[in-house]
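First up is the structure itself, then whatever we jot down about it.
Each value in this text was obtained by applying a stated rule to the coordinates, not by laboratory testing. A quick note: this is a predicted structure, and the numbers were derived from the prediction, not measured. Because the Cβ atoms are built from the backbone with ideal geometry, glycine has one as well, and the counts that use them run over all protein chains shown.
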Amino acid sequence: MKVRHMLAALALAAPLAMPLTAFAQAGRLQLPDFSGLAGKAKESVDISLDGSMLQTASQFMGGTEGGAAAKDALQGVEGIYIRVFEFDKPNVYSQADLAGVRHQLEAPGWKKLMSVQSKEEHVDMFMRDRGRNPADGGVAIVISEPSQFVIVNIVGNVDLEKLRQLQGKFGVPAMPSMGAGGASPPPAPSAPPAPPPPGPRT
Amino acid sequence: MSLEDRLRHALRRVEPDDDFAARVLARLDAAPRRAPPAYRPASQWALAASVLMAIFMAAGAGVVVQQQRERVRSEAAGRQLVYALELTSRELGNIHQHIGRRAEESGS
């Protein structure tokens, strides 16, 4: 009798659980809480823009040079999550801090697009097909150097070429640049962007 | 005269003079008139209107403050988005360059 009741309860609960799974975003990484590192960092950036915030934020891009191009590139994007930490000296953070992120990228669905490993830097770029649910798609870039690391996670249908072409269109004068043997980093930003709005950290 | 007779004399019915009513009316006319009482209902309406106005003003101010906060939050989100796109596009550019260099090296 008890077993019957349990089965009935499960049958009733199953439809309730379905919407939760439908809203899950497989393209979104569960980024660790780096608040312990924030105090040690010279610069840190913590940006979490979900779908509604992206819509709100994109309304303020109309006047910028790359506004129209950005809106085009953001079509299908459902979230942008960025963590940047830059330290005064090397080895303040360890690769173990990023291991959790890299481990998630080994899950089925994520495909490695490219990887660069040298003494000084470790760059990984992954992409995930969206499948049926657009939020299941995404891009992840993890870049680590001895004194800084960057995690970029874009959820949704991402057009990498359109995103790449946005470079330099916003007139942002200075920001950490690193990875894949790119240009040498410009001076540290004198005015880092506003801290993200209060909300649950991922 | 006994007490009873004195009382009876004192309490006997006395008819007023013929001009008694006229004299009373004349004295009433001569008496100074009092000012009419303040119109209370009007003051009560004024008080109610003031309270309502204060409530509306407070509510309006609350809405303005809320809108201002929302605007500041949206602008901050806009700046973050610009930063995020700039950073992402730059890193993608670096990766693109790196892939190009690697292709050239393997080709040569």
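What to note about this one:
- Peptide A:152-165, shielding by other chains (average Cβ, 10 Å cutoff): 3
- Surrounding net charge for B:A77, when Lys and Arg each add one and Asp and Glu each subtract one, Cβ distance under 14 Å: 0
- The range A:59-153: C-alpha gyration tensor shape, a/c 1.5 cut-off, then a/b vs b/c: oblate
- Segments B:72-81, B:56-65 sorted - mean Cβ within 10 Å per residue, highest first: B:72-81, B:56-65
- Legend: mean number of C-beta atoms from other chains within 10 angstrom of residue C-beta atoms, peptide A:112-123, equals 1.
- Tensor-based shape of the range A:117-176 (alpha-carbon gyration tensor, a/c under 1.5 rounded, otherwise prolate or oblate): oblate
- Peptide-level mean, for A:55-61, of C-beta atoms on other protein chains within 10 Å: 6
- Partners of A:K119 within straight-line reach, counting lysines whose Cα lies under 29 Å from its Cα and excluding those fewer than 8 residues away in the same chain: A:K40, A:K42, A:K89, A:K111.
- The overall shape of the range B:8-65 is prolate: from the C-alpha gyration tensor, with semi-axes ordered a ≥ b ≥ c, the ratio a/c is 1.5 or greater and a/b exceeds b/c.
- Sparsely packed GluC sites (Glu not before Pro) within the range A:98-154, loop by DSSP, other Cβ within 10 Å at most 14: A:E106, A:E120
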